[in-house]
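Take a look at the structure set out below.
Where a number appears in this text, it was derived from the coordinates with a stated rule and is not lab data. Here the structure is a predicted model, which means the values were calculated and not measured. Glycine also receives a Cβ, built like all others from the backbone with ideal geometry; neighbour counts cover every protein chain displayed.
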Amino acid sequence: MAETAHQGSHGGSAKSWLAVSVILIGFTVGGVALTGLGGNAPMWVLFWVGAGICAVGGLLALVFDIFSDVIVDAPRALRAAEHHSPHEQRLEQKTLHELN
């Protein structure tokens, strides 16, 4: 995995956000086109323009290698919390009663 310049941050780089923003814009354009913009039928030309914008965003994501922006944290060692239910207390009382 490639080293990133923003150690300790989960924010990603500006170039990654650019690629994601282009994909989001294309998806929005295509989605609005499918609604027909208040008309009776979807606007297929605008839909395909949105799909093309998404494809350009996908190419940008490949060129910018946005998956290398992922920072994997070290595993966290957390204590397991004890959980007690009312049923568990009744079961313990019943067991103690049977032993006596």
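R0 = 22 Å: FRET efficiency of Leu18 with Val70, Cβ-based, nearest 0.05?
0.85
Kirkwood hydrodynamic radius, computed over distinct alpha-carbon pairs, for segment 13-71: how many Å, to one decimal?
In segment 13-71 this quantity evaluates to 11.9 Å.
For segment 46-62, take each phi angle, set θ = phi - 60°, evaluate the Karplus expression 6.51 cos²θ - 1.76 cosθ + 1.60, and give the result in whole Hz per residue in order, putting x for glycine and proline.
Each residue's phi maps through the Karplus curve to give 5, 4, 5, 5, x, 5, x, 5, 4, 5, 5, x, x, 5, 4, 4, 5 Hz.
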